[in-house]
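Working notes, structure below.
The values are calculated or read from the model by the stated rules, or taken from the named source; none is laboratory data. Quick caveat: nothing in here was measured; it's all calculated off a predicted structure. Methodologically, a virtual Cβ is constructed for each residue, glycine included, from the backbone with ideal geometry; neighbour enumeration extends over all protein chains shown. Side chains included, ligands, DNA and RNA excluded: accessible areas come from the protein's heavy atoms. Shrake-Rupley method; radii C 1.70, N 1.55, O 1.52, S 1.80 Å.
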There are 2 protein chains.
Amino acid sequence: MSPDHLSTTFTALADPTRRAILARLAAGEASVTELAAPFAMSLPAISKHLKVLERAGLIARGREAQWRPCRLEAGPLKDAADWLEHYRRFWEQSFDRLEDYLGELKKKEKKHGRKK
Amino acid sequence: MSPDHLSTTFTALADPTRRAILARLAAGEASVTELAAPFAMSLPAISKHLKVLERAGLIARGREAQWRPCRLEAGPLKDAADWLEHYRRFWEQSFDRLEDYLGELKKKEKKHGRKK
């Protein structure tokens, strides 16, 4: 794997077809033909996507000459999730701010209700 | 945001300089000059990276004409983390398998130890 494997992972994930292939493989191993079935895409086009996923270490392919089933390899996904995890406090902060705001609105509503 | 905002997010994250810029902004707002300082890069090169981050909704820029500080916007990071979360069981499974294997090795070692 290249020293900047995170960039390779994110590049591989930056395509809806490749993410759909990973979603399909989450349900179990599949051949290239099976993977290609739901897409209006030629086999060579799908093969190209599979190569990107394979180079990123996101899938592995069986060694059988005829039927080379693809399977999901989750290691790089974990590394990507670990990287994103550092930023969790930022999205939770904005959620907390929204919650505080909603809490204040509720309080105001209650107060208003009592005055009636 | 485009319908495929996940691809836009992952593309923006697929670059070490852009990830370093986000890491810097996690410490607080910064101007373009401040952001450029740690990189051996021209201001226009940094500005190009900032535009990619801005289009992906990962940063926002102040409206002040002279000093337009950049700040982190974590929403798209949360969406990316949510997407990855669906695959957590796969990396945890492989970790469980490794743990099971280490457990077995330990048991064998103990057994072997007793026999001596």
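Taking only the alpha carbons of the protein assembly as shown, we obtain Rg and Dmax values of 23.3, 86 Å in that order. Axis angle, to the nearest 10 degrees, between helix B:43-55 and the longest C-alpha principal axis of chain B: 70 degrees.
Summing -39500 (n - 2.57) over the DSSP H runs of n ≥ 4 in the protein assembly as shown and dividing by its residue number, what mean residue ellipticity at 222 nm do you reach, to the nearest 500 deg cm²/dmol? Walk me through the numbers on the way to the answer.
On the way: 12 runs with 152 residues, N = 232.
Helix-only estimate at 222 nm: -20500 deg cm²/dmol.
Please give the length that would be gained between A:LYS106 and A:SER31 if that part of the chain were fully extended, namely 0.36 nm times their separation in residues minus their C-alpha to C-alpha distance (nm, one decimal). Net length gain for the segment: 21.5 nm. Return the aspartates and glutamates within reach of B:LYS48: Cα separation strictly under 13 angstrom, same-chain partners fewer than 8 residues apart disregarded; answer none if there are no such residues. The reachable aspartates and glutamates, counting only those whose Cα sits under 13 Å from B:LYS48, are B:ASP15.
Inside 10 Å of the C-beta atoms of A:13-22, what's the mean count of C-beta atoms belonging to other chains? Provide the component values of the computation, followed by the final result.
Numbers: counts 10, 10, 5, 4, 1, 2, 5, 0, 0, 4.
Mean number of neighbouring Cβ atoms from other chains: 4.
Amide H to amide H distances under 5 Å link B:GLU29 with no residue, where only residues 5 or more positions off or on other chains count and H is placed in the peptide plane. The trypsin sites (Lys or Arg not before Pro) of segment A:26-64 meeting both criteria, a DSSP state outside H, G, I, E and B (loop) and at most 12 other C-beta atoms within 10 angstrom of the site's C-beta, are A:ARG63. Along the charge dipole of segment B:14-116, pointing to its positive end and built from +1/-1 on Cβ of Lys, Arg, Asp and Glu, which listed residue (B:TYR101, B:PRO38, B:ALA81) has its Cα farthest out? Going by the Cα projections, it comes out as B:TYR101. Given R0 = 25 Å, the distance between the Cβ atoms of B:MET41 and B:GLN66 translates into a calculated FRET efficiency of 0.70. P(r) tail for segment B:8-49: Cα pairs beyond 15 Å make up 37% of the total.
Given that compact globular proteins tend to follow 2.2 N^0.38 Å, what is the ratio of the alpha-carbon Rg of segment B:1-97 to that value? Present the calculation step by step, with values, prior to reporting the outcome.
On the way: Rg = 15.6 Å, N = 97, 2.2 N^0.38 = 12.5 Å.
Ratio of Cα Rg to 2.2 N^0.38 Å: 1.25.
Buried area at the A:B interface is about 2300 square angstrom, summed over both chains, from accessible surfaces computed with a 1.4 angstrom probe.
Per-residue mean of foreign Cβ neighbours for A:79-91 is 6 (Cβ atoms of other chains, 10 Å radius).
Peptide B:70-78 has a mean of 4 when you count, residue by residue, the C-beta atoms of other protein chains within 10 Å of its C-beta. Each peptide in A:99-108, A:10-19 was scored by the mean count of other Cβ atoms within 10 Å over its residues; highest first, the order is A:10-19, A:99-108.
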